[in-house]
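The values are calculated or read from the model by the stated rules, or taken from the named source; none is laboratory data. In this text, all values refer to a predicted model and were calculated from it rather than measured experimentally. Every residue, glycine as well, gets a Cβ built from its backbone with ideal geometry; the counts of neighbours run over all protein chains shown.
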Amino acid sequence: MRLLAVGAALAIGFLAAGTPARAVDAVNVRTDAAAIDLTDVLDRQRTEADRLQVSTAPGPDGIIRRIEVRGRESSTNWVVFALSNSGDEQIDRLIVIPHYRMVGSGLFWPDLGLSRVVGITPSSGERPDRQDSAVADIFRITLDPGTVITYVVELRTDKLPQLYLWEPDAYKDKINSFTLYYGIVIGIAGLLALFLTILFVVKGSVMFPAAAALGWAVLVYIGIDFGFWGKVFDMSAGAERIWRAIGEAILAATLLVFLFAYLNLSRWHVRYAHITIAWLGGLATLILLALFDPAVAAGIARFSLAAVAFLGFGVVIYLSTHGYDRAVLLIPTWFLLVVWAFAAALTISGLVTNDIVGPALLGGLVLIVMLIGFTVMQHAFAGSITHGIVSDVERRALALTGAGDMIWDWDVSADKVFTSPETENLLGLKRGALEGAAATWLEVLHPLDRDRFRASLDSVIEQRRGRLMQDFRLRTEDGNYLWFALKARPVVGSDGEVVRLVGTLTDVTDFKTAEERLLHDAVHDNLTGLPNRQLFLDRFEAVLAFAKSDPAMRPTVMMIDLDRFKQVNDSVGVAVGDSILLTLARRLGRLLKPHDTLARLSGDQFALILLSERDPGRIIAFAET
């Protein structure tokens, strides 16, 4: 009984020391097999302790042995597989476990890559020799003829995207072929980024720096994914995870900036700018988050990139249906971007598992940047002014100077307005206050003129013809308003799109003041300021019309005639007579309510329409006062 108790205690202790022993099936390695995917035959195990007990695959003699492997880094994640060599030749192979694989990396909390293997322990023979590599964990093994070896792999993480067994020369050929492809793609991306940067220097429109920034972001991103920057700067796998998350956030941000700048969404609607700034602020926060949790930052960046692609396509289609030419030109490129985003979503979710999908997607991203470059180039070099107009510039400039008008020029592609300095001097503004985006004029315009001004500009740009003639008020430094007359015509480029609106500004404040005075004097007495006969009769007809529809309304009309007023003028002069008329008008005006009317019909005749009193007694009392 004592022996049985001791045996039971030993068995319990042995079982508690590790996981139960399980035999694995060996994969036969043929000499003509260049590569074998072992991912699906791996026996994945997890322990609570830092060691693993496992049963080996049956050897040539059919015996199953049991081995125990102690972890080097207190690991709890393991994989086990077995290989056999049934031939009569010694076989050398490479066990390759990539640090990062786009396929199946995931959308939320993605796997951004890491050196996954601590070490590999064989059931017999020499320990596999680790090879130097910045992109994968590579171990060289040797299988003697007629041997069966079980390998226990100690992992740093619970994720193992792929494990391949490669013939050394075949793996070298694969690396060389992909290196050539990587070099070509990186070279094209670098040239595109440099070209778009030069284009930005030549043309100052905001769409060109946005396109250049997108080109550089794509170059940085594919350089990280291809392992180029890791070789240049000797980055560790952990550092690459951070830079990969930052690269994805920057890629989403630059794509958003390009869409916003190219479509010029903030021309009139400031809320679009607010949305974009808030979005960019969130992506900038992801860059800081990537320093602490790269997986979360990359997941949000990937979702943001997909949102920019799909929501942006909806915006492009919407603007295209409303006749916006820039959006029409962007449809093919953005459609390819949507297809690319959909294919990338299938890839990172693991629905597409081909090894060449990842490099192909990055090459497609460079192709999309190239198409974007072609699109912005069309705006860079289209629409130049013809030679005949240029030769006539001097004559037109002299005529404009002689007329004394001010220049008003709106560069539509760059969304920049230029006005002559004289305009700012008249308004008392600082130099350059009226230069900038067209939307800045809305702040200086009178509130009642803003919608009309904006609609007129949009109409000319949409129709690509016609003449813009607008009278509007601009606010001075002290808060008053001056009237200006704008006469401008669109300049259409070779692509049929309006590239400029050029014209003149004229100060018409004196004209408008005189016009308003004439309109006032036409219906008012110029001495007393009271309504004249024409305005009185008009109001009288309106009161009669209201009285017919409202029986309760009883208007009273009184005529006031000054006796011997002509004798007063003859005896004491016209000045005294005018003073009497003004005094009478003021006194009568004090007796009336706001909805009553007092008018001067002729030299000494006045009339009033009394609506505030309806009681006959009160009306008589009013007349006697």
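Here are a few things to note about the model shown:
Quick grid of which residues meet (1) β-branched (Val, Ile, Thr); (2) over 20 Å from Glu48 (Cα atoms):
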position	(1), (2)
Arg65	no, yes
Arg72	no, no
Phe81	no, yes
Ile91	yes, yes
Met102	no, yes
Pro110	no, yes
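- Listed conditions (1) touching a residue at least 24 places away in the same chain (Cβ under 8 Å); (2) assigned to a strand (DSSP E or B) are all met by Arg489, apart from (1).
- Residues in region 538-574 that are more than 60 Å from the chain's Cα centre (by Cα) and among the polar types (S, T, N, Q): Thr556, Gln567, Asn569, Ser571.
- Applying the criterion of being assigned to a helix (DSSP H, G or I) and at pLDDT 85 or above to the residues of region 432-453, the residue that is surrounded by the fewest Cβ atoms within 10 Å (Cβ to Cβ) is Asp451.
- Residue check, Arg533 surrounded by 15 or more Cβ atoms within 10 Å (Cβ to Cβ) and not assigned by TED's automatic domain parsing to the domain that holds Glu424: yes
- Criterion (surrounded by 21 or more Cβ atoms within 10 Å (Cβ to Cβ) and touching a residue at least 40 places away in the same chain (Cβ under 8 Å)) met by exactly one of Val117, Val80: Val80
- Of the residues making up region 144-169, those that are within 26 Å of Gly59 (Cα to Cα) and surrounded by fewer than 16 Cβ atoms within 10 Å (Cβ to Cβ) are Asp144, Pro145, Gly146, Pro168.
Table: residues versus (1) part of a strand (DSSP E or B); (2) closer than 30 Å to Val328 by Cβ; (3) touching a helix residue (DSSP H, G or I) at 6+ places or on another chain (Cβ under 7 Å).
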{"site": "Glu462", "(1), (2), (3)": "no, yes, no"}
{"site": "Ala485", "(1), (2), (3)": "yes, no, no"}
{"site": "Gly503", "(1), (2), (3)": "yes, yes, no"}
{"site": "Asp510", "(1), (2), (3)": "no, no, no"}
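- For region 198-215, the set of residues classified as in a helix (DSSP H, G or I) and surrounded by fewer than 17 Cβ atoms within 10 Å (Cβ to Cβ) consists of Ile198, Val201, Val202, listed by residue number.
- Selection count, region 121-146, where residues are assigned to a strand (DSSP E or B), under 16 Å from Val80 (Cα atoms) and polar (S, T, N, Q): 1
- Residue match in region 235-250 (condition: in contact (Cβ under 8 Å) with a residue 12 or more places away in the chain and more than 23 Å from Gly358 (Cα to Cα)): no
- Flag for Phe381 being modelled with pLDDT of 85 or more and either surrounded by fewer than 13 Cβ atoms within 10 Å (Cβ to Cβ) or aromatic (Phe, Trp, Tyr) (or both): no
- Selected residue (criterion: surrounded by the most Cβ atoms within 10 Å (Cβ to Cβ)) from residues of region 464-483 that are free of Cβ contacts under 8 Å to residues at least 24 places away in the same chain and not in a strand (DSSP E or B): Asn480
- Selection status of Gly589, out of contact with any helix residue (DSSP H, G or I) (no Cβ under 9 Å at 6 or more places or on another chain), over 13 Å from Thr528 (Cα atoms) and without any contact (Cβ under 8 Å) to a residue 60 or more places away in the chain: no
- Scan of region 45-67 for residues that are in contact (Cβ under 8 Å) with a residue 40 or more places away in the chain and farther than 22 Å from Ser84 by Cβ, ordered by number: Arg46
- Of the residues examined, Asp510 is one that is of a type in the set (Asp, Glu) and under 27 Å from Thr423 (Cβ atoms).
- When region 400-425 is filtered for residues that are surrounded by fewer than 17 Cβ atoms within 10 Å (Cβ to Cβ) and in a helix (DSSP H, G or I), the ones remaining, listed by number, are Leu400, Thr401, Gly402, Ala403, Pro421, Glu422, Asn425.
- Number of positions in region 64-113 that are in contact with a helix residue (DSSP H, G or I) (Cβ under 8 Å, 6 or more places away or on another chain) and either on the phi > 0 side of the Ramachandran plot or not in a loop (DSSP other than H, G, I, E, B) (or both): 10
- Region 537-559, residues that are out of contact with any Asp or Glu (no Cβ under 9 Å at 6 or more places or on another chain), closer than 19 Å to Ile619 by Cβ and outside any loop (DSSP other than H, G, I, E, B): Arg539, Phe540, Val543, Leu544, Phe546, Ala547, Val557, Met558, Met559
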